[in-house]
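Novice: Have a look at this one.
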Amino acid sequence: MTLARALINAGHQVDILGGDQHPLEVAGEEGEFSGHFFGELRGHLSGWGERRIGMFVLPRRRWIARKFAESILARASDYDVIHYHGHFPNVGKYIPPDINFVQTRHDQGGDCLINTRFRNGAMCSLLKPEDCASCVSPRPNIIQRAVSAFTVRTQRHDVIQAYQRHKTIFVSDMLRRNFARVAGPGKWGVVVHNFVDAKSFRSALSSAQVSGRARGEKRVVFAAGKLYPAKGFDALLKTLTPKIPYDMELVIAGDGPEEERLRRTYESKSVKFLGWLSPAEILQSILEADFVVVPSICEESCSTTIFEGLLLGKPTFSLKRGGTPELEVYSMYPEQLRLSPDMESLVSDLVSFRSSVSVPLEFDDRCSVERALPRLLEIYRAPPGQAPAAFTWDGYSR
């Protein structure tokens, strides 16, 4: 939606093709834009019983990709560019080469069938298709292992064909490198980091300047995200709570399958859970905090919370993995992004850290959507299947 609004503000026509499970109105103000929404994509919510039978099945992935491609092609003639942001990277295999089709990859679905490369409570670096069988069945038998391996191997081949046929954008170089581990060397697309809505940030900063912050004695640490294992909240709380100083408070925003258990186990005078917050409320909470922590133990592709913490001037703590180290170029001052090799080191740094940096409340627009737009338009205008050459990012200053 951020990109759609920016393109419309720049004079382009933008419509959105999305899922049929909800009307756009359920998104409220977040879903408002000056274009049309076509809720015509369907079939993607069906799991085809993969968990029940303990196997990844190839027909499900090809059927969904074909259905999506059919819906896209039914409207493609009305547009100069089709920009796909979904979770099925093989869709491009079914889009003809002469269609100006661009896809953005924001997860590891190009080579990982559960999208996150996270298993047994830790990052996964296994590459053989046979190893993937245990992500759908805890103890796969010989048939389950063979079928899942065939599905993974063929799905990866389909994705390679899609990437070779059409333009691909990765939101971090980590995603591109990880895909190359299974696909081999090649021109696997270009890197364009995520971006933020400058208007939202300026509004939050303006409100903060007017109201100010009533600081108490405690140092407030803010974290936000979906409460499930890959995001590392349990690991953070398990490590931090025995050591949390009397003058520190951890505030967590988000919901998810682990919320009830985490609340029951860890909520206290020093640990607060806010539940789900709107994007505007997230920004306000960051402004009211002293530090931001992103405890993900998976490989984050390009964390929005990292951006938010950095752009609002807060010392931001995270693990040194995934695409997070690439975001250091958006720091407003040295060592603002504080990267640690493991959770023990992160917590030690967090509890002992004292910030002496005073940052003016001015929005740094280096990773605003407006700064990213020229690069995206360059990609759109290139001939179908021929994205401009990739380059190294130092923010959107180039």
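Novice: Within region 264-280, work out how many residues are aliphatic (A, V, I, L, M) and assigned to a loop (DSSP other than H, G, I, E, B).
Specialist: Looking only at that region, the number is 1.
Novice: What is the number of the single condition among (1) surrounded by 15 or more Cβ atoms within 10 Å (Cβ to Cβ); (2) under 24 Å from the mean Cα position of the chain (by Cα); (3) closer than 17 Å to GLY109 by Cβ that THR151 does not meet?
Specialist: THR151 satisfies every listed condition except (2).
Novice: Quick check on my filter: what residues within region 215-227 are modelled with pLDDT of 95 or more and not hydrophobic (A, V, I, L, M, F, W, C)?
Specialist: Once the filter is applied, which keeps residues that are modelled with pLDDT of 95 or more and not hydrophobic (A, V, I, L, M, F, W, C), region 215-227 yields GLY225, LYS226.
Novice: Among the residues of region 290-319, how many are more than 11 Å from the chain's Cα centre (by Cα) and among the polar types (S, T, N, Q)?
Specialist: Number of matching residues: 3.
Novice: Right, here's the next one. Go through region 161-189 and give me each residue that's touching a strand residue (DSSP E or B) at 6+ places or on another chain (Cβ under 6 Å) and under 16 Å from GLY92 (Cα atoms).
Specialist: Listed by number, the residues that qualify are HIS166, LYS167, THR168, ILE169, PHE170, GLY189.
Novice: Further question on the same structure: Among the residues of region 161-168, is there at least one that is touching an Asp or Glu at 6+ places or on another chain (Cβ under 7 Å) and either of a type in the set (A, V, I, L, M, F, W, C) or touching a residue at least 60 places away in the same chain (Cβ under 8 Å) (or both)? Can you show your working first?
Specialist: Step one: filter region 161-168 for residues touching an Asp or Glu at 6+ places or on another chain (Cβ under 7 Å), giving none.
No; the residues of region 161-168 include none that is touching an Asp or Glu at 6+ places or on another chain (Cβ under 7 Å) and either of a type in the set (A, V, I, L, M, F, W, C) or touching a residue at least 60 places away in the same chain (Cβ under 8 Å) (or both).
Novice: Separate question: Might you let me know whether region 194-204 holds any residue that is closer than 23 Å to SER301 by Cα and of a type in the set (Asp, Glu)? Before you say what the answer is, go through the steps one by one.
Specialist: First pass over region 194-204, keeping only residues closer than 23 Å to SER301 by Cα: 194-198, 200-201.
Okay, now just the ones that are also of a type in the set (Asp, Glu), so 197.
Within region 194-204, one or more residues are closer than 23 Å to SER301 by Cα and of a type in the set (Asp, Glu).
Novice: In region 14-70, what count of residues is obtained for those that are in a strand (DSSP E or B) and of a type in the set (Lys, Arg)?
Specialist: Of region 14-70, the ones in a strand (DSSP E or B) are 16-19, 37-41.
Filter once more, so that each one left must be of a type in the set (Lys, Arg): none.
Qualifying residue count for the region: 0.
Novice: Do you know which residues across region 233-262 are within 20 Å of the chain's Cα centre (by Cα) and of a type in the set (Phe, Trp, Tyr)?
Specialist: PHE233
Novice: Could I ask something else about it? Contact list please: Cβ distance under 7 Å, first residue in region 188-205 and farther than 14 Å from GLU281 by Cα, second residue assigned to a loop (DSSP other than H, G, I, E, B) and aromatic (Phe, Trp, Tyr), pairs at least six apart or on different chains.
Specialist: From region 188-205, the pairs are VAL191/TRP393; HIS193/TRP393; ALA198/PHE363.
Novice: Where residues in region 356-397 are aromatic (Phe, Trp, Tyr) and over 27 Å from ARG165 (Cβ atoms), which of them is modelled with the lowest pLDDT?
Specialist: Initial filter on region 356-397 (aromatic (Phe, Trp, Tyr)): 363, 380, 391, 393, 396.
Retained after the next criterion (residues that are over 27 Å from ARG165 (Cβ atoms)): 363, 396.
On the way: PHE363: 73, TYR396: 44.
The selected residue is TYR396.
Novice: Which pairs do you get when a residue that is assigned by TED's automatic domain parsing to the domain that holds ALA65, found in region 110-128, comes within reach of a residue that is among the polar types (S, T, N, Q) and part of a loop (DSSP other than H, G, I, E, B), reach meaning Cβ atoms under 8 angstrom, with the pair 6+ apart or on two chains?
Specialist: Going by the 8 Å Cβ cut-off, the qualifying pairs are ASN115/GLN108; THR116/GLN108; ARG117/GLN108; ARG117/SER125.
Novice: Separate question: Is there any pair with a first residue in region 37-57 that is in the same structural domain as PHE68 (by TED's automatic domain parsing) and within 15 Å of ILE143 (Cβ to Cβ) and a second that is assigned to a loop (DSSP other than H, G, I, E, B) and among the aromatic types (Phe, Trp, Tyr) whose Cβ atoms are under 7 Å apart and which are 6 or more apart or on different chains, and what are they?
Specialist: GLU50/PHE56; VAL57/TRP48
Novice: Okay, moving on. HIS22 fails exactly one of the following numbered conditions: (1) within 27 Å of ILE160 (Cβ to Cβ); (2) surrounded by fewer than 18 Cβ atoms within 10 Å (Cβ to Cβ). What is the number of that condition?
Specialist: (1)
The values are calculated or read from the model by the stated rules, or taken from the named source; none is laboratory data. Just so we're clear, the structure is a prediction, and the values are computed from it rather than from any experiment. Glycine gets a Cβ as well: all are built from the backbone with ideal geometry, and neighbour counts include every protein chain shown.
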